[in-house]
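Report on the following structure.
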Number of protein chains: 2
Amino acid sequence: MKIAHIGEFGLIERISSFCKSSHKEGVVLHIGDDCAALKFNKPLVVVSTDLLIENVHFKRSWITPFQLGFKSLAVSISDIAAMGGTARFFLFSIALPSDYTVEDVSDLYAGAHTLAQKHSIEIIGGDTSASDSNVLFINGTILGEADEIVKRSGAHKGDKIYISGTPGDSSAGLFLLQKYGNQIDLIQGTAQVEKGKDFSNFIPLVNRHLMPEPRFVESCENITSMIDISDGLLQDLGHILDKSNVGATVYLDKIPLSQPLKSMAERFHKDPFQFALTGGEDYELLFTSPESTISGYHCIGEITKEGRTIIDSEGRALSFSEKGGYDHFRTR
Amino acid sequence: MKIAHIGEFGLIERISSFCKSSHKEGVVLHIGDDCAALKFNKPLVVVSTDLLIENVHFKRSWITPFQLGFKSLAVSISDIAAMGGTARFFLFSIALPSDYTVEDVSDLYAGAHTLAQKHSIEIIGGDTSASDSNVLFINGTILGEADEIVKRSGAHKGDKIYISGTPGDSSAGLFLLQKYGNQIDLIQGTAQVEKGKDFSNFIPLVNRHLMPEPRFVESCENITSMIDISDGLLQDLGHILDKSNVGATVYLDKIPLSQPLKSMAERFHKDPFQFALTGGEDYELLFTSPESTISGYHCIGEITKEGRTIIDSEGRALSFSEKGGYDHFRTR
């Protein structure tokens, strides 16, 4: 149905149903006034805002509105998780291209709503407009709370470096979407098998790119610094090192690779570590701690006084640059 | 300078200077981590988000980046003011068309920063991206606080209706911009005088449209409901009436008209009340109170049990509809 058929107020009414979940705690005044009014339980409010723009951050031919709504909230939750906070409230601004339908908008909200319900987050409103272009624009703003926050700046020499899961999966999924996104129905998980093109094993990679599940740490007690991996492992580690004024040594053979990533890299004659070290949008958490092991997380290296070193599987030490990351290091 | 010359990180560095003002109170962690971390002083947090999209909400040929940044924050502050809250923190997401320069972005932030300084608001960050189109997208999110809030829903029969200033100026300014925006340099206040086209008297109207100063009430003690006029006086009054489940009588000759609006209407053979009653984007505050007079505000009518009536200057009672407002009423 065209949005013009139900008008702005009709659209707002449809959207409102997704903004009124069972998790009303803390919502003093909901969507429908000049502002929402909220109550927090903890002393610190943490807030982040993220743009998702068609053809810059996604292609509509690859991602459904439901997945896009899910992803928009997921990347926002990840920002709160990376501070050691608890996400509470989400605001959703969308500027719609002229071919976007009422169903598309409902699906977008439904995707966000599904993840919101899972994490007891309330969608408290937003703004909706025409985009006056063929481009879909989304801006998500998330509000969370914390007793205390984990910054990027707290890493100390001797701390271990931990990661919450397997990096590189998202960028490997993106690689497949860029290469075959228009040919196979990877999105629905029903890849059509052509000769030499059975990609069904790689669907977890595509799913990781399209619908990243935000990660959390159970306790921040012994975590000295944290970031979520959006730009790539080495680049985001670089942000911690910059802010903490320290160095790091990363061990290549300690970096956990998923089986789908290993298969995919083999199939396409790619280096899986290229994806794992420089690929973006994993939304895995990367953190440092003086603890020598932390159950459920992978230790991939340690914080040093200075320098940025990768030890490869043959024990060779190679430096990685601040910006180029592994890519730069490979061309030496 | 093209943004490509300094890159994303260079741009963020330029922007950061506008995000670090002297009003640091409450900012525990600023731009540059995954989230900003904030402390509030009052029990309620009020939040609103607003899109400003090129060719939908503004034309770049009419409004400078500085004015646009100013306006983006102004409309956000107005939302907080309409709840009886105090604005504290602002987040600014911008998606840039390819012809936007580093100077344009700096001016955009400078405009917001100028207003932020005036109201002790901290710009705590945001997101920046290419827009992959010729369209400039802005999303502002504002966070404020309040001891208690004034809703739209609290108006009672017998309350008086007040307005904080002269409505219609903004839409009269928009009329001039739409008609002559490309011909005269109204924006700079240096209108070139052609025969029959001396619009210098009308510049306050244009300024009201381009750089609205947010309004505030001194005390919310006896205010029962409030809204800021963004859609037009009658339509926004309608929102209060809907939420409060009451009616209203408005007296046409009590509605304050500015001298520039009166002159402009005469010059263009327009009805000034058309602008005052249905014109949007005034960002004047409209509120109700049992007080019979409130110094500094104009009483324009009263809340009734039901019905929506305008009494014209000859004492005739005419009803105004919920949606069409004055416009609808005029065509009867």
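The values are calculated or read from the model by the stated rules, or taken from the named source; none is laboratory data. Here the structure is a predicted model, which means the values were calculated and not measured. Positions of Cβ are generated from backbone atoms using ideal geometry, with glycine treated the same way; all protein chains shown enter the neighbour counts. Just the protein is used for accessible areas: all its heavy atoms, side chains included, with ligands, DNA and RNA removed. Shrake-Rupley method; radii C 1.70, N 1.55, O 1.52, S 1.80 Å.
Accessible area per residue was computed with a 1.4 Å probe on protein heavy atoms; B:LEU233 scores about 0 Å². The gain in end-to-end length when the B:GLU218 to B:GLN259 segment is fully stretched comes to 12.2 nm, 0.36 nm per residue minus the alpha carbon separation.
Angle of helix B:3-16 to the longest C-alpha principal axis of chain B, folded into 0 to 90 degrees and rounded to 10: 70°. Here A:LYS254 is the anchor, and the aspartates and glutamates within straight C-alpha reach of less than 18 Å, apart from those fewer than 8 places off in the same chain, are A:ASP159, A:ASP169, A:ASP236, A:ASP271, A:ASP282, A:GLU284, A:GLU291, A:GLU302, A:ASP312, A:GLU314. Of A:ILE53, B:ILE311, the order by accessible heavy-atom surface (1.4 Å probe, DNA, RNA and ligands excluded), from most exposed downward, is B:ILE311, A:ILE53.
Taking all protein chains into account, the per residue accessible area for region B:216-326 stands at 44 Å² (1.4 Å probe). Across chain B, the mean sequence separation of Cα contacts (distance under 8 Å, 6 or more residues apart), normalised by length, yields a relative contact order of 21 percent.
Taking all protein chains together and a 1.4 Å probe, the residues B:ASP33, B:ASP147 rank B:ASP147, B:ASP33 from largest to smallest accessible area.
Prolate is the label for the protein assembly as shown, because a/c, from the alpha-carbon gyration tensor with a ≥ b ≥ c as root eigenvalues, is 1.5 or above and a/b exceeds b/c. Packing here is the average count of other Cβ atoms within 10 Å per residue, and on that basis the peptides B:133-142, A:9-18, highest first, run B:133-142, A:9-18. With both labels modelled 7 Å from their Cα along Cα-to-Cβ, the A:SER120 to A:ASN134 distance reads 4.5 nm. Legend: residue pairs A:LYS39/B:LYS243; A:LYS71/B:LYS42; B:LYS179/B:LYS262, Cα-Cα distance threshold 25 Å; pairs beyond threshold, A:LYS71/B:LYS42. DSSP assigns beta bridges within chain A; of those with both partners inside it, close to 75 percent run antiparallel.
Peptides A:171-178, A:113-120 ordered by packing proxy, namely the average of other Cβ atoms within 10 Å per residue, highest first: A:171-178, A:113-120. Counting Cβ atoms of other protein chains within 10 Å of each residue's Cβ and taking the mean over peptide A:92-101 gives 2. In chain B, the longest principal axis of the Cα atoms and the axis of helix B:169-180 are about 70 degrees apart.
If you sort the three axes of the alpha carbon gyration tensor as a ≥ b ≥ c, you get a/c of 1.5 or more for chain A and a/b no higher than b/c, which makes it oblate. Counting only DSSP H runs of at least 4 residues, each contributing -39500 (n - 2.57), and dividing by the residue count of chain B, the helix-based mean residue ellipticity at 222 nm comes to -9500 deg cm²/dmol. What is region A:1-95 by shape, rounded, prolate or oblate, if you read a ≥ b ≥ c off the alpha carbon gyration tensor as root eigenvalues and call it rounded for a/c under 1.5, prolate for a/b larger than b/c, and oblate otherwise? Since a/c reaches 1.5 but b/c is at least a/b, the shape of region A:1-95 is classed as oblate. With R₀ set to 60 Å, the beta-carbon distance separating A:THR293 from B:GLU266 gives a calculated FRET efficiency near 0.15. Which aspartates and glutamates does B:LYS24 reach when only Cα atoms under 13 Å apart count, and residues fewer than 8 places away in its own chain are ignored? The qualifying aspartates and glutamates are B:GLU122. Counting Cβ atoms of other protein chains within 10 Å of each residue's Cβ and taking the mean over peptide A:118-128 gives 2. In this label model, B:GLU13 and A:SER200 are separated by 5.2 nm, measuring between points 7 Å along each Cα→Cβ vector. The fraction of accessible area contributed by carbon and sulfur in the protein assembly as shown is 46 percent, rounded to a whole number (1.4 Å probe; ligands and nucleic acids excluded). In this structure, B:THR101 and B:ASN55 have a Cβ-Cβ separation that, at R0 = 25 Å, corresponds to a calculated FRET efficiency of about 0.80. For region B:132-151, heavy-atom accessible area (probe 1.4 Å) falls by no less than 10 Å² from the chain alone to the full protein assembly at B:ASP132, B:SER133, B:VAL135, B:PHE137, B:ASN139, B:THR141, B:LEU143, B:ILE149, B:LYS151. Ligands, DNA and RNA aside, A:PHE66 has an accessible area near 70 Å² when probed at 1.4 Å.
Against the criterion of solvent-accessible heavy-atom surface with a 1.4 angstrom probe, A:GLU218, A:GLU281 sort, most first, into A:GLU218, A:GLU281.
Chains B and A together bury some 4300 Å² of accessible area, summed over both sides, with a 1.4 Å probe. With everything on Cα atoms, drop me the angle between helix A:233-244 and the longest principal axis of chain A, reported from 0 to 90° to the nearest 10. With both axes taken from Cα atoms, the answer is about 80 degrees.
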